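Below is one structure, written out as structure tokens; the observations come after it.
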Amino acid sequence: MDFNTILKEIQDEIQKYFTKGKLPNYIPMLAQADENDFAMSLVTLDGEEYHTGCSNKKFSIQSISKVFTFTLALEHYSKELYKRVGHEPSGNPFNSLVQLEYESGIPRNPFINAGAIVTTDCLSSIYENNVFSKILDFIKKVSNDQDITFDEDIFISELGHGFKNFALINMMKSYHNIKNPIDDVIQTYFKQCSIMMNTKQLAHAMLFLANHGKDPFSKEPIISESKAKRINSLMLTCGHYDASGDFAYKVGLPGKSGVGGGIVAVVPKKMAICVYSPKLNFHGNSLIGTKALELFTTKTGLSIF
Ligand code: GLN
């Protein structure tokens with residue numbers, strides 16, 4: 001398949017959507033992104049790469065980090081993890097408090113904010129003061145790139161404005177579903193959200209999920225085949241919050257978005273994809289990123305259905 005031509009066609013066809021969507025402003029630093037940015041990267045299991053747009057430009061990975069922390073936590077806790085975070089779609093916005101209260105502080109899944117905060121708390125119990133550097137090391141390992149770090153300004157911006165996340169963690173603490181000090185856990189969570197990567201690095205970082213849990217190049221197992229299957233299933237059913245059904249319907253691939261404008265997607269046994277465009281739709285997912293992935297699976301037939 002001529003992926004270079006397909007990427008060019010996608011880039012042309014998404015131009016008309018640049019007037020749509022909005023930059024997020026509840027984290028003030030994210031509102032400073034360049035509205036016209038677009039990048040898309042494909043990396044195949046045999047090492048071929050195709051890129052278009054600003055694929056070297058780094059952006060904060062935000063909720064895409066939830067895939068990495070969930071992978072690490074699942075590796076350590078296995079089924080025990082599901083006592084503290086579920087695996088059902090929430091049908092609610094990513095930072096919703098409502099469901100969390102009537103479900104007694106147990107978040108529906110690890111890909112909404114509350115679920116990822118619990119996951120980070122679980123990792124804090126294992127790694128203690130080193131938790132952020134362990135998360136970062138894991139991301140460097142799966143990306144095969146040591147040059148990854150977080151953005152202090154974005155971290156501080158969220159720390160000063162992440163009121164809903166403070167509400168979520170306090171509510172979960174009241175239900176005894178947070179074991180470590182609130183300030184430490186929330187800071188680790190905000191730091192992991194402010195990790196900066198480009199579409200090339202993120203596509204690389206997802207390859208193990210396209211390859212039954214193994215690094216396709218070193219052949220090193222990152223996670224078991226069965227856990228990789230479950231992570232992909234959760235990305236399909238929960239990766240886009242209350243728009244997860246819509247994403248599955250339109251794109252037909254496991255995927256995870258972040259309010260920084262990135263979306264990663266996995267084509268099982270073939271490749272990983274990352275798209276970036278910072279303006280978001282109503283549900284907080286990249287508007288053009290979603291459109292680009294829909295065009296990709298329509299043009300190539302490479303969806304799981
Ligand atoms: N850091 C963001 C938040 O907690 C991540 C949310 C997202 O990417 N959907 O609100």
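None of the figures in this text is laboratory data; all of them are computed from the coordinates on show. Computed from a prediction, not measured in an experiment: that's the story for all the values here. Glycine also receives a Cβ, built like all others from the backbone with ideal geometry; neighbour counts cover every protein chain displayed.
Summary table below
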| read-out | value |
| --- | --- |
| Those residues of region 205-246 whose amide nitrogen sits under 20 Å from the label point placed on residue 146, 7 Å along Cα→Cβ | 205, 217-220 |
| Per-residue [θ]222 nm for the chain (sum of -39500 (n - 2.57) over DSSP H runs n ≥ 4, rounded to 500) | -13500 deg cm²/dmol |
| Hits among aspartates and glutamates - C-alpha to C-alpha of residue 214 under 19 Å, sequence gap 8 or more where chains match | 46, 48, 49, 75, 137, 145, 225 |
| FRET efficiency estimate (nearest 0.05) - Cβ-Cβ, residue 99 to residue 299, R0 41 angstrom | 0.65 |
| Reachable aspartates and glutamates, given that their alpha-carbon falls under 16 Å from the alpha-carbon of residue 279 and they are not under 8 places away in the same chain | 34, 35, 37 |
| Charge context of residue 290, other residues only, Cβ under 10 angstrom, K/R +1, D/E -1 | 0 |
| Mean projected area (nm²) of the alpha-carbon convex hull when the chain is viewed from all directions | 13.6 |
| Coarse-grained scattering of region 1-147 at q = 0.16 Å⁻¹, given as base-10 log I(q)/I(0) from a Debye sum over alpha-carbon atoms | -1.11 |
| Of 219/250; 57/79; 66/173, those spanning more than 30 Å from alpha-carbon to alpha-carbon | 219/250; 57/79 |
| Length added when fully stretched, residue 75-residue 249, from 0.36 nm per residue minus Cα-Cα | 59.7 nm |
